[in-house]
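I have placed the structure first, in the form of structure tokens, so that the comments after it can refer back to it.
The values are calculated or read from the model by the stated rules, or taken from the named source; none is laboratory data. Everything numeric in this text was worked out from a predicted model, so none of it was measured. Glycine gets a Cβ as well: all are built from the backbone with ideal geometry, and neighbour counts include every protein chain shown.
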């Protein structure tokens, strides 16, 4: 079995409206689902991805309104790396971020910036066979749209043990130095362990809560058996309505998830309607009125688009 790179990355925001404005309005991702944190249904869980809500481009946020900024440190993933198509795409993004007033650093091989709450991003060009996972946006030419995850950068409390689990249990291969890749039949992604700063992760706005490695529906239960047989203590398999998950904390402190690729975001909502309404799993549907009363109304970010672009 081989993991299919990153399925999704989940972070924390303290301001859902501003978060939506940045990730849909500036970065051009599609809001594919507005739902709630199933472990705390009082708060939003927002999902941004490509046009179809594909695994491999799925950046998600728990909203805790007014959350204070987090602090990166040992035991955290701190940067999201996304692919773009070419050096010309990097130039496009440097110009776009400047026009939108987003501070950034443009270099020959990358563009680095942070979201309004400090979550770090880096855009890179990679020569990989992975299908580009792009969203549509009227201001962003398709060839320059973000094309899915390239990887993440992280800090470990125990870097040697973090590497061992990735290689010996999850099947990662060392690319070079402290960069490892998990690559399956369709997709791959890297994780790079950087020297950790002093202090440990403090979760808050702008921090990454966990990362999810991807697998298929058929192999997901086999991964559950595999990690537990290797002595890794995980949760049971959890039905997340859009996919199934297991969670465990790797030796360096980062919370990992292994998530499958089904049934997906469009299994009970038409593709054209993704992100327009709050979607609840069946077991929370009886509480819809109570739940929606607590949530800040979020307008459809595609409202007002030309009909052939909505």
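Quick one: is residue 33 under 25 Å from residue 203 (Cβ atoms), in contact (Cβ under 8 Å) with a residue 12 or more places away in the chain and in contact with a strand residue (DSSP E or B) (Cβ under 6 Å, 6 or more places away or on another chain)? It is true that residue 33 is under 25 Å from residue 203 (Cβ atoms), in contact (Cβ under 8 Å) with a residue 12 or more places away in the chain and in contact with a strand residue (DSSP E or B) (Cβ under 6 Å, 6 or more places away or on another chain).
One residue alone among 56, 28 is under 11 Å from the mean Cα position of the chain (by Cα) and in a loop (DSSP other than H, G, I, E, B), and that residue is 56. Each residue in region 198-226 was checked for being modelled with pLDDT of 95 or more and over 29 Å from residue 18 (Cα atoms), and 12 of them qualify. If you check 161, 106 for being over 19 Å from residue 213 (Cα atoms) and either over 19 Å from the mean Cα position of the chain (by Cα) or modelled with pLDDT under 95 (or both), only one passes: 106. Could you check, for region 286-302, whether at least one of its residues is surrounded by 11 or more Cβ atoms within 10 Å (Cβ to Cβ) and under 28 Å from residue 228 (Cα atoms)? No; the residues of region 286-302 include none that is surrounded by 11 or more Cβ atoms within 10 Å (Cβ to Cβ) and under 28 Å from residue 228 (Cα atoms).
Only one of 252, 231, 262 is within 22 Å of the chain's Cα centre (by Cα) and surrounded by fewer than 19 Cβ atoms within 10 Å (Cβ to Cβ). Can you tell me which? Within the list 252, 231, 262, the selection yields 262.
To keep it simple, each residue is scored yes or no on (1) surrounded by fewer than 22 Cβ atoms within 10 Å (Cβ to Cβ); (2) on the phi < 0 side of the Ramachandran plot.
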| position | (1), (2) |
| --- | --- |
| 179 | yes, yes |
| 184 | yes, yes |
| 188 | no, yes |
| 210 | yes, yes |
| 216 | yes, yes |
| 224 | yes, yes |
| 241 | yes, no |
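Filtering region 59-73 to residues that are farther than 22 Å from residue 156 by Cβ and assigned to a loop (DSSP other than H, G, I, E, B) leaves 64, 65, 66, 67, 68.
Evaluated against (1) more than 22 Å from residue 58 (Cα to Cα); (2) modelled with pLDDT under 95, residue 100 falls short on exactly one condition, (2).
For region 16-27, the condition holds for no residue, the condition being that it is touching a strand residue (DSSP E or B) at 6+ places or on another chain (Cβ under 9 Å) and either more than 26 Å from residue 296 (Cα to Cα) or at pLDDT below 95 (or both).
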